[in-house]
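Notes to accompany the following structure.
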């Protein structure tokens, strides 16, 4: 039997992400805008296959061909006739749905590998009997030879994403280690090159000197005409005894499709901000320019309150083992006006709420840049997974001085976080009904505060290359020491480049703490129509949910490598540790035995002690997080965050043992079936699918109907071109 941690169970939750009502209310021009933008997102989303693992593109192509030749129902009839049980064929469907949903064979939430939950020979037998194999036997056999072994392999290094001995990554060649990543970051900072749209490849030249290729994602190759911004950077550099060669053209065929559809989108833009935004995105993806993407992001920020909202590019750096390179992501969504009105009220209160945060005024941005904050129903979210809320752009310089936007994904929240009582783990019986009743409303409050005032707060102290500072070096006092601050960011350094491997999780932890700290505010609760006993229940469930999530986070820790594989869950575990350390009976964590006789656990939160004990503990911790972040104190930040992230069997909680219990009781995360848009004449229709594994597979089979074979060929060619980099170790 395969360890259940590495398979998707046959009863995994699959739900339709319904957006039909929101789409129906769009004008024809808005539907066309949403359609072409969605196409751009879906084409770009295929890049994630190449960013996940060496075998992901081939697995995707194999399954795509299998189900394009035979619908899931037709293939199911064949499966039964060839000896597969219903459970084994369901495992095939769930695995395929998992590959399409995660854009690769590693879970988007946790970065652990998943393998088919049936014998390898049974899957091979089905493929050999399939219509796809009858039509293209040599190609299907070649695909199986490329990915069959790796599809099922659970070699220790291949169980999770990571760098060198800690896992698998395609952001770096296989011979890169942490020291290579650090050196590359120093080089990139020295040339003011962003890592967001890059990958790093290491080789030796004929003389035995180490050479690095920094490859930018773009339609155009290195030899094509280049704009003035990139011209000085596309060349070779000598840096600390090594050669760095900056090239471009990564993912070119897929980005070409992205650009084509952005061009079509532009003709249906609602205003000049959208037109200029799209022009900059087109230049960014064509040339490989992050500066152009930043300009597009500036236009996007200025596009206030659009009916159809979107963002696209190399965005989140969670999956880069070093924390600097962005995974491709693109979304299109439609505004939910009722919930957006509540978030607008929260934005109006933001400046007053910022004054409540537990750090001196000097540690807050000079001016609060009022953002858009909307609730959206997702039409398209292409990438490895769908979050509940987003605060973007991630560019520090823009966020600090020009602003940002917040979005809460309403239809994702409503179906993604619904909870069944019989599947609620680790809670006392008396808490379960209250938890089910208030989990959704409490999460809305937490997401709102997390995105707007968590990610939207706090100043970074920066000294530019010319020596000018955005703070007074003779006046800013560190509240932790009572002395003048001693460190700050130098020109070219960013939060991600300085804090690198811990940056994402540290920032999520800071934002979660802001949500916990501010959720007591009665004005905030009234915005969400919560008063009296209901408001008190929401505060309690918000804190209880965070405590429970901290325990569930142990699933995403790997003892063998001592590493965490999910930024948010590491953050929540850290908060659990902080609250346990607060003592006074605030949180208790007990090892128990379940009704089935197997190990279990019970976590309780003393409601009466949240305000007198819990809030001061979060206040102290949150202030320390912000001071260390503001002052670029990497050593202090790593010591603090690493200490609370440690998972050992020391102490009364015995967290390593609890991890086994969490894995035993874990429930697989839901997968979401998304709609397609279809151009019919001069209008667009919405095509939705049933919320099943078969429905998810059908959505992908129909998503690229016109050019599936060409796209599959591009994916295999791009994967082949870099195959020797993944094989090289040492």
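Considering only residues that are assigned to a loop (DSSP other than H, G, I, E, B) and touching a strand residue (DSSP E or B) at 6+ places or on another chain (Cβ under 9 Å), look in the stretch 56-107 and name the one that is nearest to residue 126 (Cα to Cα).
Checking each candidate, the answer is 105.
Filter the stretch 179-219 for residues that are in a helix (DSSP H, G or I) and buried (at least 23 other Cβ atoms within 10 Å of the Cβ) and give the result.
Residues satisfying the conditions are 181, 184.
Hey, can you tell me all the residues within the stretch 656-694 that are more than 26 Å from residue 600 (Cα to Cα) and part of a helix (DSSP H, G or I)?
693, 694
Do any helices (runs of 4 or more DSSP H) lying entirely in the stretch 350-450 carry at least 1 residues that are under 30 Å from residue 102 (Cβ atoms) and in contact with a strand residue (DSSP E or B) (Cβ under 6 Å, 6 or more places away or on another chain), and which ones are they?
So the answer is 410-416, 429-449.
If you scan the stretch 391-435, which residues turn out to be in contact (Cβ under 8 Å) with a residue 40 or more places away in the chain and over 30 Å from residue 367 (Cα atoms)?
Those that are in contact (Cβ under 8 Å) with a residue 40 or more places away in the chain and over 30 Å from residue 367 (Cα atoms): 411, 412, 415, 416, 423, 425, 426, 427, 428, 431, 434, 435.
Being buried (at least 20 other Cβ atoms within 10 Å of the Cβ) and within 20 Å of residue 27 (Cβ to Cβ): is that true of residue 693 here?
No: the conditions fail for residue 693.
Would the stretch 133-142 turn up any residue that is buried (at least 23 other Cβ atoms within 10 Å of the Cβ) and either assigned to a helix (DSSP H, G or I) or touching a residue at least 12 places away in the same chain (Cβ under 8 Å) (or both)?
Within the stretch 133-142, not a single residue is buried (at least 23 other Cβ atoms within 10 Å of the Cβ) and either assigned to a helix (DSSP H, G or I) or touching a residue at least 12 places away in the same chain (Cβ under 8 Å) (or both).
Given the criteria more than 26 Å from residue 321 (Cβ to Cβ) and assigned to a helix (DSSP H, G or I), does residue 577 qualify?
It is false that residue 577 is more than 26 Å from residue 321 (Cβ to Cβ) and assigned to a helix (DSSP H, G or I).
Considering the stretch 220-264 alone, what residues qualify as being on the phi > 0 side of the Ramachandran plot and surrounded by fewer than 19 Cβ atoms within 10 Å (Cβ to Cβ)?
240, 241, 249
Yes or no, residue by residue, for (1) more than 30 Å from residue 462 (Cα to Cα); (2) touching a strand residue (DSSP E or B) at 6+ places or on another chain (Cβ under 8 Å); (3) touching a residue at least 60 places away in the same chain (Cβ under 8 Å):
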position	(1), (2), (3)
568	no, no, yes
575	no, no, yes
580	yes, yes, yes
585	yes, no, no
592	yes, yes, no
605	yes, yes, yes
611	yes, no, yes
621	no, no, yes
624	no, no, yes
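When you look at residue 170, is it over 17 Å from residue 324 (Cα atoms) and either in contact with a strand residue (DSSP E or B) (Cβ under 9 Å, 6 or more places away or on another chain) or free of Cβ contacts under 8 Å to residues at least 60 places away in the same chain (or both), yes or no?
Numbers: over 17 Å from residue 324 (Cα atoms): no; either in contact with a strand residue (DSSP E or B) (Cβ under 9 Å, 6 or more places away or on another chain) or free of Cβ contacts under 8 Å to residues at least 60 places away in the same chain (or both): yes.
In short, no.
Name the residue that is farthest from residue 43 (Cα to Cα), counting only residues in the stretch 701-730 that are touching a strand residue (DSSP E or B) at 6+ places or on another chain (Cβ under 9 Å) and in contact (Cβ under 8 Å) with a residue 40 or more places away in the chain.
Per the criteria, the residue is 728.
Let me spell it out: the conditions are (1) touching a residue at least 12 places away in the same chain (Cβ under 8 Å); (2) within 30 Å of residue 549 (Cβ to Cβ), and residue 157 meets all of them except one. Which number is the exception?
Single failed check for residue 157: (1).
Those residues that are assigned to a helix (DSSP H, G or I), more than 17 Å from residue 676 (Cα to Cα) and more than 22 Å from the chain's Cα centre (by Cα), I need them from the stretch 3-28; list them, please.
4, the sole residue that qualifies.
Here is a yes/no grid of residues against (1) surrounded by fewer than 19 Cβ atoms within 10 Å (Cβ to Cβ); (2) within 20 Å of residue 638 (Cα to Cα):
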residue: 492; (1), (2): yes, no
residue: 496; (1), (2): no, yes
residue: 501; (1), (2): no, yes
residue: 521; (1), (2): yes, no
residue: 530; (1), (2): no, no
residue: 534; (1), (2): yes, no
residue: 545; (1), (2): no, no
residue: 560; (1), (2): yes, no
residue: 587; (1), (2): no, no
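Readers should treat all values here as calculations from the given coordinates under stated rules, not as data from a laboratory. Every value quoted in this text rests on a predicted model; they were computed, and no experiment measured them. Note: ideal-geometry Cβ built from the backbone for every residue, glycine included; neighbour counts use all protein chains shown.
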